[in-house]
């Protein structure tokens, strides 16, 4: 996972009504990684993508 993907996760979470598993499927990553990004355990300092 990269900082760019983390930024996309944050953008999708903020601008859509998608659930974590839907964001994960869209970005082809594990749902656990989405959870870690959104909870601040990973890439806490990365802002949402524009």
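The values are calculated or read from the model by the stated rules, or taken from the named source; none is laboratory data. Since this is a predicted model, take the numbers as computed values, not measurements. Positions of Cβ are backbone-derived with ideal geometry, glycine not excepted, and every protein chain shown enters the neighbour counts.
Please find, among 14, 6, the residue that is outside any loop (DSSP other than H, G, I, E, B) and either touching a strand residue (DSSP E or B) at 6+ places or on another chain (Cβ under 9 Å) or in contact (Cβ under 8 Å) with a residue 40 or more places away in the chain (or both).
Working: 14 fails: either touching a strand residue (DSSP E or B) at 6+ places or on another chain (Cβ under 9 Å) or in contact (Cβ under 8 Å) with a residue 40 or more places away in the chain (or both).
Step by step, each of 14, 6 is checked, and only 6 is outside any loop (DSSP other than H, G, I, E, B) and either touching a strand residue (DSSP E or B) at 6+ places or on another chain (Cβ under 9 Å) or in contact (Cβ under 8 Å) with a residue 40 or more places away in the chain (or both).
The one condition from (1) at pLDDT 95 or above; (2) surrounded by 15 or more Cβ atoms within 10 Å (Cβ to Cβ); (3) more than 8 Å from the chain's Cα centre (by Cα) that residue 2 does not meet is (2). When every residue of segment 7-25 is checked against the conditions, none turns out to be at pLDDT 95 or above, surrounded by 15 or more Cβ atoms within 10 Å (Cβ to Cβ) and at positive phi.
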